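Enquirer: What follows is a structure written as structure tokens; I'll ask about it next.
Just so you know, all these numbers are worked out from the coordinates, no wet-lab data involved. Everything numeric here is computed off the predicted structure, so don't read it as measured data. Neighbour counts are summed over all protein chains in view; Cβ atoms, including those assigned to glycine, are modelled from backbone coordinates with ideal geometry.
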Amino acid sequence: MLNLNPQSLFVGQSVIFVQEIDSTNEYLKNLAKQRNLTEGTVVVTEFQSKGKGQRGNTWQSEAGVNGLFSCLLQPKGLRPDQLSAISFLVGLAVRAVVQKYAPDKVVTVKWPNDIMVENKKVAGILIENMLGEPVNSIIGIGMNINQKVFNLLPDATSMSLESTDKLDVASVISDCLTFVEKYYLLTKRDGGVKQLWELYVSQLYKHEETVQINGEGFKVIGVKETGELIVSNKKGERLLQHKEVDIQWN
Amino acid sequence: MDLKEIQSLVKLVSSSKVDHLEIDKNDFSIKIKKNSGKTEVLSVAQAPVMSAPAVTAPAAPAAAPEASASAEQPAAETVSGTEIKSPMIGTFYRSPTPDKPYFVEVGDEVRVGQTICIVEAMKLFNEIESEVAGRVVKVCVDDASPVEYDQPLFIVEPI
């Protein structure tokens, strides 16, 4: 059992703990379909048997050492073309938590929303929106917290590997929920969506550096407010949608 | 709707057993009526700006009743329902994950609020719900294809 204590008004104030589960996103999604849930409801587990990455990619995790949870947001007043703001705010929130525990490291957000410590992935985010009335936005977050070994994933790391201490999983998750709410509330303020976007760009992985796209070098210029990655080389500028191309970041 | 689309509609009517087809969209409407084996466009109306290209429509296809085409009823039905459109630019997925069955198939009945597809944009996976109850008569886009804002994804015929 994880005792969460986020410093928040509603995110994480209603928590469903499940010992073992196939996917917290799936669980929360099904629950949201069955009944009206309070905004900010969180499903948390110690072990995900079918941790979900995007489009069926799996997420590797040992039991009890990592932060695996999903949170329900119901963004009002965001147009469909502004939904990237959810991606920005969650990326920023998780990044801020990792930075808090690894203050000396460079922590960035790899477009669209992996959290990186230097060149290694420490956390992943999967957002699934149910575009009805209200919009139910299921925010799935997987953070490597105390895992020490990543045999099959040489490019992965954990927060404890990047700081010196063993971390308290419940505290890290609580911090994360606190930050999610903090950044989420920004979307409701005048100009807040634009501010989130600017913050996101300022924390972008490989910003102003060169990446390879189909064997060709491009400089990462930024991200559009609608979420596309902007890259350029001497032939000109390109806007990239996720999945459209395979980017070699290193 | 452009000339090409009108042409194909006229062809569709002429090659099917349907006698009369009416489409009424937000700012555009068209009626196609079959008359003694000959197909003609009776009226194109409403928004003046939109109707301009349509005026030229009857010229090309009107006298083209293709007798060879088999009379496929379902094809004719596909244009008579409500379009469910993409609310955003992204990638269209028909199943929750690649190994799962499609949310809906042609012929399935859907209810209001039922998830019918996913449009992914920058790793945001958006489940799109049907706004209407009815029967899916056409899936307009292939699985895993890019879609534009407002592009029709499904046509659902009210039942």
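Enquirer: With a 10 Å Cβ neighbour count serving as the proxy for reagent exposure, in which order, fewest first, do A:T38, A:T157 appear? Present the calculation step by step, with values, prior to reporting the outcome.
Expert: Numbers: A:T38 10, A:T157 23.
Ordered by Cβ neighbours within 10 Å, fewest first: A:T38, A:T157.
Enquirer: Given a Förster distance of 51 angstrom, what is the FRET efficiency for A:L239 paired with A:S14, based on the Cβ-Cβ distance and rounded to 0.05?
Expert: Numbers: r = 39 Å, r/R0 = 0.77.
For R0 = 51 Å, the calculated efficiency reads 0.85.
Enquirer: Would you kindly give the portion of the calculated P(r) for chain A that falls above 30 Å, as a percent of all Cα pairs? Don't jump to the answer; show the numbers that get you there.
Expert: Details: 7288 of 31125 pairs.
That fraction is 23 percent.
Enquirer: Once label points are set 7 Å from the Cα along Cα→Cβ at both A:K194 and A:N30, what is their separation, rounded to one decimal in nm?
Expert: 4.4 nm
Enquirer: Please arrange B:M122, A:M1 by how many other C-beta atoms lie within 10 Å of their C-beta, fewest to most.
Expert: Numbers: B:M122 26, A:M1 8.
Placing the least packed residue first, the sequence is A:M1, B:M122.
Enquirer: Please rank A:C176, B:C117, fewest neighbouring Cβ atoms within 10 Å first, as an exposure proxy. Before the final figure, lay out each step's value.
Expert: Numbers: A:C176 28, B:C117 25.
Ascending Cβ contact count within 10 Å gives the list B:C117, A:C176.
Enquirer: Let me ask something else. What nm value, rounded to one decimal, do you get for the distance between B:E157 and A:M1 when each label is placed 7 Å out toward the C-beta?
Expert: That separation, rounded to one decimal, is 5.7 nm.
Enquirer: Here are some pairs, A:K219/B:K123; A:K206/B:K123; A:K29/A:K110; which of them have Cα atoms lying more than 23 Å apart in this structure? Don't skip to the answer; put the middle values down first.
Expert: Numbers: A:K219/B:K123 21 Å; A:K206/B:K123 19 Å; A:K29/A:K110 26 Å.
From the list (A:K219/B:K123; A:K206/B:K123; A:K29/A:K110), the Cα-Cα distance tops 23 Å for A:K29/A:K110.
Enquirer: Sticking with this structure for a sec: Can you grab the distance from the C-alpha centre of region A:182-250 to the C-alpha centre of region A:100-156, Å, no decimals?
Expert: Answer, in whole Å: 17.
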